[in-house]
Amino acid sequence: MSLRTQVGIVGAGPAGLMLSHLLHRQGIDSIVVEARSRQYVEERVRAGVLEQGTADLMAETGIGDRLKREGLIHHGVMFRFGGQTHRFDFDELANGRCIIVYPQNKVVADLFDAAAGGRVILEAEDASVHDFAGASGVAKAKIRFRAGGEAQEIECDFIAGCDGFHGICRPSIPAGALTVYDRVYPFGWLGILAEARPSSEELIYAYHERGFALLSMRTPTISRLYIQCKPEEDINDWPDARIWQELKLRLASSDPNWKLTEGKVLQKGVTGMRSFVVEPMQFGKLFLAGDAAHIVPPTGAKGLNLAVSDVRVLADGFAEFYRAGKKSTLEDYSRKCLRRVWKVQRFSWWMTSMLHLFDTDNAFDQRRQLAELDYVTSSRAASQSLAENYVGLPME
Ligand code: APR
Ligand code: PHB
């Protein structure tokens with residue numbers, strides 16, 4: 001069967017669904033092709049912190065109702081080291097901008113609910129992209145896949161590769177056309193989701209001689225907690241009791257009244273950590289957005305927000321093209337995104353380097369890290385720099 005649309009989108013993660021949503025609002029037709037089921041995509045436990053700009057975009061485009069009801073607005077974030085807790089006060093340091101704790105899977109569900117029926121093709125197998133090399137014009141780009149056992153093809157003016165880090169769009173671009181910038185970290189995060197009232201109203205990033213730990217949350221009754229671990233750590237070596245024990249040690253506070261709340265572990269897993277950027281983010285009629293083009297280590301919670309800022313720029317480019325026949329905004333897509341992407345890469349790398357133990361580091365490096373933590377928590381200029389990046393740099 002052959003289908004036609006203006007923009008064919010591969011991947012129904014936050015990038016693909018948000019792009020489809022923004023295009024729909026501009027009267028531009030799109031079809032999203034997704035390998036997994038809606039249930040799988042919605043239940044994947046992922047990030048949970050929205051920059052204010054991301055939350056504002058959801059509200060402005062009519063998908064912010066549940067976010068407004070259930071999102072937890074945070075006006076600060078904590079660092080803990082040497083048992084002492086330091087707060088970055090966004091009201092004071094970031095002109096009152098804030099972050100909103102709201103799980104990525106709810107963002108995805110809200111976007112699915114907003115999608116006018118039929119625009120997302122789920123459980124599409126063997127997706128491949130074709131005829132995207134030339135400039136936009138008469139020749140159509142194509143997405144081929146199998147759905148319900150049948151071969152299908154979508155003809156489109158443009159393809160948006162929103163299929164994540166392991167997707168097929170980036171590898172379909174001739175290797176010589178792309179430059180890859182990459183850094184793999186010598187550690188990962190072991191994360192749990194627990195039925196436990198969060199022990200702190202705000203996130204706590206902890207630097208500890210046993211390794212980094214993070215206390216985060218999803219709702220007023222669900223905690224999300226992480227500890228630094230080896231990248232190849234076997235989750236089977238970590239029964240719940242051992243995880244709680246390690247969290248208690250790393251998150252220990254000099255405040256005798258502070259206690260880590262424990263609860264039933266609902267989900268656990270290990271994720272590797274990597275910084276990755278591909279340049280440019282466009283080849284002919286194929287545009288890469290979100291994790292397909294770049295990934296950040298999770299320290300600072302930027303992955304989802306970066307995906308959203310990409311598709312905002314991309315949607316503007318398509319809108320100008322279809323409204324005024326102007327190609328300049330679309331042609332500027334990669335350059336414009338990469339300026340912000342690299343600043344966010346720098347921030348995520350810096351947070352990661354400051355807060356984790358590296359096995360190549362020695363006692364000098366640990367003293368240096370402590371001095372950096374002391375500096376960033378005591379200097380107004382340094383605190384302000386952290387806060388403005390944490391709440392989100394301007395979109396432009
Ligand atoms: N065909 C169709 N769909 C595919 C294919 C394929 N060959 N390969 C991958 N996909 C789908 C995945 O199943 C997934 O639903 O593309 C989607 C990509 O979604 P994400 O990985 O969530 O990437 P993105 O939308 O860019 O969002 C980035 O998500 O992973 C987090 O930390 C990341 O918060 C960041 C955000
Ligand atoms: C999360 O809640 O999953 C989270 C929060 C902050 C981070 C990373 C992950 O920096």
| Qualifying trypsin sites (Lys or Arg not before Pro) for region 338-368 [loop in DSSP, other Cβ within 10 Å: at most 16] | none
| Is the shape of region 277-396 best called rounded, prolate or oblate, per the rule: a/c under 1.5 gives rounded, else a/b larger than b/c gives prolate, else oblate, with a ≥ b ≥ c the square roots of the Cα gyration tensor eigenvalues? | prolate
| query | To the nearest 500 deg cm²/dmol, what mean residue ellipticity at 222 nm is calculated for the chain from DSSP H runs of n ≥ 4 alone, each contributing -39,500 (n - 2.57), summed and divided by the residues? | reply | -10500 deg cm²/dmol
| note | Inter-part gap, Cα centre of region 1-29 to Cα centre of region 118-132, in whole angstrom, is 11 Å
| Can you give the angle from 0 to 90° between the axis of helix 14-25 and the longest principal axis of the chain, with both taken from C-alpha atoms, to the nearest 10? | 50 degrees
| Whole-angstrom gap from region 151-171 to region 277-338, using each part's C-alpha centre | 14 Å
| Could you give P(r) for region 176-268, binned at 10 Å from zero, as whole percent values over all Cα-Cα pairs? | 15, 46, 25, 9, 5, 1
| request: Rank A15, A307, A47 by mean-square fluctuation in a GNM of the chain with C-alpha springs under 10 angstrom and give only the top-ranked residue. | output: A47
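At a threshold of 8 angstrom on Cα-Cα distance, excluding pairs fewer than six apart, so keeping six or more, what relative contact order does region 311-393 reach in percent?
Working: 34 pairs, mean separation 15.4, N = 83.
It rounds to 19 percent for region 311-393.
Roughly what % of DSSP beta bridges within the chain run antiparallel, to the nearest 5?
Details: 57 of 78 bridges.
Of the beta bridges lying entirely in the chain, close to 75 percent run antiparallel.
Between Rg and the Kirkwood Rh of the chain, both from Cα atoms, what is the Rg to Rh ratio? Kindly include the intermediate steps, with their values, before the conclusion.
Values: Rg = 21.6 Å, Rh = 22.0 Å.
Using Cα coordinates only, the ratio equals 0.98.
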| task | Holding the Cα-Cα limit at 29 Å, pick out from K142/K336; K106/K264; K268/K302; K68/K285 the pairs that are longer than that. | result | K68/K285
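For region 164-217, what class follows from the C-alpha gyration tensor (a ≥ b ≥ c being the square roots of its eigenvalues): rounded when a/c is under 1.5, otherwise prolate if a/b is larger than b/c, else oblate? Can you show the working numbers first?
Working: a/c = 3.84, a/b = 2.27, b/c = 1.69.
Because a/c hits 1.5 or more and a/b exceeds b/c, region 164-217 counts as prolate.
All of the numbers you see were taken from the coordinates with simple rules; none came from a lab. Quick caveat: nothing in here was measured; it's all calculated off a predicted structure. Glycine gets a Cβ as well: all are built from the backbone with ideal geometry, and neighbour counts include every protein chain shown.
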